[in-house]
1. Is one or more of the residues making up region 253-261 farther than 23 Å from Cys316 by Cα and either at pLDDT 95 or above or touching a strand residue (DSSP E or B) at 6+ places or on another chain (Cβ under 8 Å) (or both)?
2. Please indicate, with yes or no, whether at least one residue in region 77-92 is farther than 21 Å from His319 by Cα and without any contact (Cβ under 8 Å) to a residue 60 or more places away in the chain.
3. Would you say Gln119 is surrounded by 10 or more Cβ atoms within 10 Å (Cβ to Cβ), at pLDDT below 95 and closer than 22 Å to Phe78 by Cβ?
4. Is at least one residue of region 56-66 in contact with a Lys or Arg (Cβ under 7 Å, 6 or more places away or on another chain), of a type in the set (D, E, K, R) and buried (at least 22 other Cβ atoms within 10 Å of the Cβ)?
5. Return the residues of region 70-88 that are closer than 19 Å to Ala159 by Cα and more than 10 Å from the chain's Cα centre (by Cα); say none if nothing qualifies.
Amino acid sequence: MLNYRRAIVSLMWGICTLSSAQAPVGLLAWTQAHPDWKLDKTELAHVASQCATMYDLIGNFFAANPIHEEQRRSANIFLSHSDIYARIGYFLSIRQGLSEQEAVARQSAFQADFSRQMQDNLQAHKNIMVPPLSEDVEVCMLNFKYAQVQVRQLEAEYAKTTATPSAPVLPGDKSFDLDALALIWEFIKSKTQAPSDASMPRLVIQPGLPTTARMVFEFPSEDQPQNQLQINVSPRTLQLWSRPMVNWALGHELVHYAMLMRENQWVPQTVYKNTIKHHCNPEFLKLTGDIADLISDAQSPSRERLRMYSEVFRSCTRHPDQ
């Protein structure tokens, strides 16, 4: 592990002239000023949120600008680590009292700050990773194993103790869990003031979806009037994802459907009006987080609540215009 970390740090630093100018207080200085941050969930959320943002930005930078194959592989490592930190940062931010909108706004502020640091470093050194940014990333590297353990511990801590023990459903089952989806749909209807007889849209297994698309809600719009009103699901998703994660993702798409239908007064249309951007909408964030709890509270032990919350967060940060 030590050799791996040194290799990544060496890769990031490269050959550059280091600046002695002092930047604003970063994560390293913050953790030094808060030595007990691991014991305080609010402070842990703060650190995890910053690490998730840094890893995401750096991973995407290396993926878009690989100098050699090792950097391309490093991009995947950074993005994977970002997901682990995001599971802690967003979930704990909500659990410690931030609203969904406040948590996303804070993350946007982190992103703007780290993006500025990366651009400044590129201009001054032709390298994104110089202090203080490189020192802040080192904090995240040193604590990544701790973050992995925390994900498992938080899942256990927030599990509903009265849940009925359930056998795990392995990936590969190509059918839909219609009983669970019916409960999720009733929950969504109750939160979106849907007519009591409103039914779910069609669920279609669609092998032709792009490899980057896990599932997609489509509807006839002004730009694409030929679309059907349905949720398309890649067979790869059913093969590779656990049943709870598939149910959560379908719940996510059902919230898209419910908010679209509500905007159109729950009346079928040949072309639907769609003026609301859903992913960063506070109601959408809250509902999809609540669906994560609905699913996780029904299973024992809870295994993927934090991963679902991470997906809630990433749908906003990565696709804010949807």
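1. no
2. No; the residues of region 77-92 include none that is farther than 21 Å from His319 by Cα and without any contact (Cβ under 8 Å) to a residue 60 or more places away in the chain.
3. For Gln119, the condition - surrounded by 10 or more Cβ atoms within 10 Å (Cβ to Cβ), at pLDDT below 95 and closer than 22 Å to Phe78 by Cβ - is met.
4. no
5. Once the filter is applied, which keeps residues that are closer than 19 Å to Ala159 by Cα and more than 10 Å from the chain's Cα centre (by Cα), region 70-88 yields only Ile88.
For (1) modelled with pLDDT of 90 or more; (2) assigned by TED's automatic domain parsing to the domain that holds Asp290; (3) loosely packed, with under 15 Cβ neighbours inside 10 Å, each residue gets a yes or a no:
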position: Leu27; (1), (2), (3): yes, no, no
position: Pro35; (1), (2), (3): yes, no, yes
position: Leu44; (1), (2), (3): yes, no, no
position: Thr53; (1), (2), (3): yes, no, no
position: His68; (1), (2), (3): no, no, yes
position: Gln71; (1), (2), (3): no, no, no
position: Ile88; (1), (2), (3): yes, no, no
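The values are calculated or read from the model by the stated rules, or taken from the named source; none is laboratory data. Worth saying up front: this structure is predicted, and the values here are computed from it rather than measured. Using ideal geometry, Cβ is built from the backbone for each residue, glycine included, and neighbour counts are taken over all protein chains shown.
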